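Report on the structure given below.
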Amino acid sequence: MNKMSFRFLWIGQTFANAGDVLYIVGLITMIYHLTGSAIYMALVPFFITMSQFLSGLIAPLLIDKYRLKHILAYSQSGKTLLLLGLGLMLLSNYSNQMIPIFLLVFLISFLDGWSTPAQNSMVPLLIPSGELVKANSFLSILDQTVRLGGWSVGGILVAFWGSIYVITITFALYLLSSFMMFLIRETDFINSNDSKEEKNPIGNWEKLIQGWILIWKSPALRTVNIMGVMEALANTVWVAAILYIYVDVVLHAGEQWWGYINASFFLGLILGGILSLRFSELIGKRLSVVIVYGTLLGSFFTFMFAMNSLTWIALGLSIFIGFSEQLKGIAQQTTIQKSATLKELPKVYSAQYALYLVTYGTAVLLIGILTEFWGVRNSFLLAAGLLFLSFVVSLVNQKHLKEVEQ
């Protein structure tokens, strides 16, 4: 039963991820055609990030009240209905009204802030502990493959059919995803603290901060999330605007190389996922080693990327950066899943997701300012330095990371 439910989970998640990519492509294209404004286009990622952050903060209230399967299925269904409303609005006479359009964008992303922690938390419910590395590797390969191909396919579909047809395809993908999520049969589990919580119910504020407290009290979770903050800051150099400047100013290459470097990075992510899948048992026994030295390799290759001025070497370094990032990321994901009980895990993921969003969202604005005044090469050197600092944190706390290994 669990294997079938996991199959429904990854199929539904793949449909949802593909829909998310096409949704962004179609939405940004549509808004540009309606307004011709770069400001409105920039507001799309801003609204998405802020709404997901806010929903991530209140997600623990739902997690304590509803089963993960229901949160996942109904949030995806809600996204489907809201997307239908957005599509109908774009087809109507109200298509030039930006306020209701952005309101729907906000609400769709708000529901995403509930579904993401629920998806990550359901994996340990459906998969034995010894197979978590393999499951996380498999899901990561699917996710990165969809994202690698989704932007290209989305661009082609927009060019030939138009953005409204892309939104229609997204609606169909969301509908299929919702159907798959309802087919999941979540494993029943009883947490040893449940009866105690029922006798001594905690207030809403305590529920909201419970995930943050769990992260702080667990040395392994605290280490992974401190690293996550530094890595979120470092990863902002890979946003389109900064990478575009790097290609132009450092490589002195055409804009097509921006696409090549992006594709190389995603290829590295996929290759890292394949290697993790192939050697999942070994990685599961050496999670701390993979985290520590995966972070060091990421720092080294990012430093080399910053100092390089040759296009072909930049492609190779992008692959290695993606490769090391994937290995480390899968090991970190597995460490989180093994460091909390099944009851605690959704709250931990909710807090982690909110922390990542606010860090990354703020850092994207800061990296643009730093690049403007320092130059793009120095921005990448800063990213390499942050990754090295993350390596130091992981090395100092390696004994805590080892505690969750098989």
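Would you point out the residue of the stretch 311-352, among those that are touching a Ser or Thr at 6+ places or on another chain (Cβ under 6 Å) and hydroxyl-bearing (Ser, Thr, Tyr), that is farthest from residue 111 (Cα to Cα)? Applying the filter and picking the extreme gives 318. Filtered by the rule that a residue be in a helix (DSSP H, G or I), at pLDDT 85 or above and not hydrophobic (A, V, I, L, M, F, W, C), the stretch 261-287 gives 264, 268, 272, 273, 276, 278, 280, 281, 284, 285. Being part of a helix (DSSP H, G or I) and under 24 Å from residue 137 (Cβ atoms) is not true of residue 341. Could you check how many residues of the stretch 101-128 are free of Cβ contacts under 8 Å to residues at least 12 places away in the same chain and more than 17 Å from residue 24 (Cα to Cα)? Adding up the residues that qualify gives 1. Of the residues making up the stretch 320-343, those that are surrounded by fewer than 23 Cβ atoms within 10 Å (Cβ to Cβ) and over 16 Å from residue 404 (Cα atoms) are 320, 343.
Quick check, is residue 106 modelled with pLDDT of 85 or more and over 20 Å from residue 177 (Cβ atoms)?
For residue 106, the condition - modelled with pLDDT of 85 or more and over 20 Å from residue 177 (Cβ atoms) - is met.
Within the stretch 269-292, none of the residues are in contact with a helix residue (DSSP H, G or I) (Cβ under 9 Å, 6 or more places away or on another chain), closer than 26 Å to residue 366 by Cα and not hydrophobic (A, V, I, L, M, F, W, C). Step by step: first the residues of the stretch 206-260, then only those that are of a type in the set (Ser, Thr, Tyr) and assigned to a helix (DSSP H, G or I), then the one that is modelled with the lowest pLDDT. Which residue is that? Restricting to residues being of a type in the set (Ser, Thr, Tyr) and assigned to a helix (DSSP H, G or I), the top hit is 244.
Take residue 397 and tell me if it is among the polar types (S, T, N, Q), farther than 30 Å from residue 122 by Cβ and either over 19 Å from the mean Cα position of the chain (by Cα) or not assigned by TED's automatic domain parsing to the domain that holds residue 328 (or both). It is false that residue 397 is among the polar types (S, T, N, Q), farther than 30 Å from residue 122 by Cβ and either over 19 Å from the mean Cα position of the chain (by Cα) or not assigned by TED's automatic domain parsing to the domain that holds residue 328 (or both).
Results for (1) modelled with pLDDT of 85 or more; (2) under 23 Å from residue 51 (Cα atoms); (3) assigned by TED's automatic domain parsing to the domain that holds residue 265; (4) not aliphatic (A, V, I, L, M), shown as yes or no for each residue.
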position	(1), (2), (3), (4)
125	no, no, no, no
129	no, no, no, yes
135	yes, no, no, no
138	yes, no, no, yes
149	no, no, no, yes
156	no, no, no, no
164	no, no, no, no
171	yes, yes, no, yes
177	yes, yes, no, yes
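Residues in the stretch 307-347 that are among the polar types (S, T, N, Q) and farther than 15 Å from residue 221 by Cβ: 308, 309, 311, 318, 324, 326.
Does any residue of the stretch 241-248 turn out to be more than 24 Å from residue 149 (Cα to Cα) and surrounded by fewer than 18 Cβ atoms within 10 Å (Cβ to Cβ)? So far as the stretch 241-248 goes, yes, one or more of its residues are more than 24 Å from residue 149 (Cα to Cα) and surrounded by fewer than 18 Cβ atoms within 10 Å (Cβ to Cβ).
When you scan the stretch 137-154, how many residues do you find that are small (Gly, Ala, Ser) and either under 16 Å from the mean Cα position of the chain (by Cα) or surrounded by 15 or more Cβ atoms within 10 Å (Cβ to Cβ) (or both)? Residues that pass the stated criteria total 4.
The values are calculated or read from the model by the stated rules, or taken from the named source; none is laboratory data. This one's a predicted model, so the numbers in the text were calculated from it and none came from an experiment. Ideal geometry is used to build each Cβ from the backbone, glycine not excepted, and the neighbour counts take in all protein chains shown.
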